[in-house]
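This report concerns only the one structure given below.
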Amino acid sequence: MSTLVKLRSRAQITLPKEAVKELNLKEGDNLSIEIDNGKVVITPVAIIPKDELWAWVSKTRSAIEEGRLEAKQGKLKEYDSVEDLWKDMQVAED
């Protein structure tokens, strides 16, 4: 998609509605702006709070993806209580 936009006062531009819709952008979203060989590249980005970074460590991400795959394959166990879960976890550690 290519659309002509005009640079306004204070170096502002308005993204076309089509681009906003296609990228699923909302007011307040963060965008990264990069200059690449004379072109302006705008990329939507997510900001992760520091206290949530643990979830993005590769070992954690792998465990999460493994759990999703097991759920999709129907391999998850159900427990009647937290105590039963703890008992099962302790047996697995032995």
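Read-outs throughout are calculated quantities, based only on the coordinates presented, and are distinct from any laboratory measurement. This one's a predicted model, so the numbers in the text were calculated from it and none came from an experiment. Counting neighbours? That spans all protein chains shown, and the Cβs are built from the backbone with ideal geometry, glycine included.
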Enter the angle in degrees (range 0 to 90, nearest 10) between the Cα long axis of helix 58-72 and the first principal axis of the Cα atoms of the chain, meaning the one along which they spread out most. 70 degrees
Distribution of pairwise C-alpha distances over the chain, 5 Å bins, in %: 2, 8, 10, 14, 13, 10, 9, 8, 7, 6, 4, 4, 2, 0
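Write down, largest first, the equivalent ellipsoid semi-axes of the range 50-93 in whole Å, where each equals the square root of 5 times an eigenvalue of the alpha-carbon gyration tensor. Mind dumping the intermediate values first?
Details: eigenvalues 111, 47, 19 Å².
Those come to 24, 15, 10 Å.
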Under 25 Å between alpha carbons, and skipping anything fewer than 8 positions from K77 in its own chain: which lysines qualify? K59, K87
Find the centroid of the Cα atoms in the range 9-53 and in the range 58-92, then give the distance between the two in whole Å. 37 Å
For the chain, what is the mean residue ellipticity at 222 nm derived from helices alone (per DSSP H run of n ≥ 4: -39500 (n - 2.57); sum divided by total residues; nearest 500 deg cm²/dmol)? -10500 deg cm²/dmol
So the angle from the long Cα axis of helix 82-93 to the longest Cα principal axis of the chain, reported in degrees to the nearest 10, equals 80 degrees
Find which of T60, P49, L31 sits farthest along the positive direction of the dipole of the chain, computed with +1 on the beta-carbon of Lys and Arg, -1 on that of Asp and Glu, about the Cα centre. L31
Less than 26 Å apart at the alpha-carbon level, and either on another chain or at least 8 residues along: which lysines does that give for K6? K17, K21, K26, K39
